[in-house]
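Colleague: Structure below; questions to follow.
Each reported figure results from applying straightforward, stated rules to the coordinates on display, with no laboratory input. Because the structure is predicted, anything quoted here is derived from the model rather than measured. Glycine gets a Cβ as well: all are built from the backbone with ideal geometry, and neighbour counts include every protein chain shown.
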Amino acid sequence: MGLLNWTGGWGVTGRGELNRRLKEHGLTPVGDETFDNNDTDMTAQIIKLKNAGAESILNYGLVRENTFVVKTKEKLSNEIPYVSAWGIAGPAFWKAAGTSAEGVLSSTTVTIDGPQSAERTAFINEYKKRFNEEMSAAFAVGAYDAIYMFKEAMEKSGFEPAQIRAGLENIPEFKGLVKHFASVLSSPRTAITR
């Protein structure tokens, strides 16, 4: 497989995490390409990965950059499977990428189609009722959990940044819509690091 990641914070952190996890499993990517925020054509990077023997491309990116990648792949008639993190798991990407999104795979902790808890089902139904639109479950459910984590942290510890951080670090468990968190903010942290 080859890696193709954005040089912004989300992409840099994801790239590091992908490399770390691959190494843990004794795997090395055949190529590790990047692109900048202003890049709209990834022809050079995709051709390099293909020529290096990539049988799949892994990416940590969001809607905008992934749209440019898959549109470039479509332009090149490139059939290498493309896998991205949950940043594309929703209607904003499907609308932006159009037919270029066909066959793209995404890893995500939450989907609208899969098995749901009663709480998550109620949230999804209420969201659709209120906003009358398709939703990205990963974004909406994740944001819902984050808001209530911050609420709990601030109620327990205060409203100053250091107090909020301490509050998040000291929530022993949190029953969220994404999952039941054993610890909200603990090491190692794998969110954006820069």
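Colleague: Could you work out which residue, out of Phe35, Phe159, Phe123, moves most in a Gaussian network model of the chain, that is, has the largest mean-square fluctuation with Cα springs under 10 Å?
Modeller: Judging by the Gaussian network model, the answer is Phe159.
Colleague: For Leu177, what is the net charge nearby, where nearby means another residue's Cβ is under 11 Å from its Cβ and Lys, Arg count +1, Asp, Glu -1? Spell out each step's value before the answer.
Modeller: On the way: positive: Arg120, Lys175, Lys179; negative: Glu119, Asp145.
With Lys, Arg at +1 and Asp, Glu at -1, the neighbours total +1.
Colleague: Summing +1 for each Lys or Arg and -1 for each Asp or Glu, what net charge is found among the other residues whose Cβ lies under 13 Å from the Cβ of Thr121?
Modeller: After counting each charged neighbour, the total is 0.
Colleague: So for the chain: antiparallel DSSP bridges make up what percent, rounded to the nearest 5?
Modeller: Just about 15 percent of them are antiparallel.
Colleague: Also: Label points 7 Å out from Cα along the Cβ direction at Glu152 and Ile80: separation in nm?
Modeller: Here the modelled spin labels are 4.2 nm apart.
Colleague: Among Ala182, Ala96, Ala140, which one shows the biggest mean-square fluctuation in a GNM of the chain, springs joining Cα atoms closer than 10 Å?
Modeller: Between Ala182, Ala96, Ala140, it is Ala182 that shows the largest mean-square fluctuation.
Colleague: Related question: List the trypsin sites (Lys or Arg not before Pro) within segment 134-177 that fall in a DSSP loop (any state other than H, G, I, E or B) and whose Cβ has at most 16 other Cβ atoms within 10 Å.
Modeller: When the trypsin sites (Lys or Arg not before Pro) of segment 134-177 are filtered for loop state and at most 16 Cβ neighbours within 10 Å, nothing remains.
Colleague: Something else about it: Count the net charge of all other residues whose Cβ sits under 13 Å from the Cβ of Ser107, scoring Lys and Arg as +1 and Asp and Glu as -1.
Modeller: 0
Colleague: Right, here's the next one. When the helix-only estimate is applied to the chain (DSSP H runs of n ≥ 4, each -39,500 (n - 2.57), divided by the residue count), what is the mean residue ellipticity at 222 nm, nearest 500 deg cm²/dmol?
Modeller: -14500 deg cm²/dmol
Colleague: How much length would be gained if the chain were fully extended between Asn19 and Ala122, taking 0.36 nm per residue of separation minus their Cα-Cα distance, in nm to one decimal?
Modeller: Contour length minus the Cα-Cα distance gives 33.3 nm.
Colleague: Which far-off residues, 5 or more places away or on another chain, put their amide H under 5 Å from the one on Met42, with H placed in the peptide plane?
Modeller: Distant-sequence amide H within range of Met42: Thr72.
Colleague: Report the gain in length on full extension from Asp36 to Asp113: 0.36 nm times residue separation, minus Cα-Cα distance, nm rounded to one decimal.
Modeller: Extra length from Asp36 to Asp113 when fully extended: 24.4 nm.
Colleague: Who wins for biggest fluctuation among Asp32, Asp113, Asp145 in a Gaussian network model of the chain, springs between alpha carbons below 10 Å?
Modeller: Judging by the Gaussian network model, the answer is Asp113.
Colleague: If one takes the longest principal axis of the Cα atoms in the chain, at what angle in degrees, from 0 to 90 and to the nearest 10, does the Cα axis of helix 63-75 lie?
Modeller: 20 degrees
Colleague: Let me spell out the model: positive unit charges on the Cβ of Lys and Arg, negative unit charges on the Cβ of Asp and Glu, origin at the Cα centre of the chain. What dipole size does that give, in debye rounded to 20?
Modeller: Dipole about the Cα centre, nearest 20: 100 debye.
Colleague: Taking the structure as given and computing percent of Cα pairs over 26 Å apart, which label from (i) 43; (ii) 48; (iii) 52 fits?
Modeller: (i)
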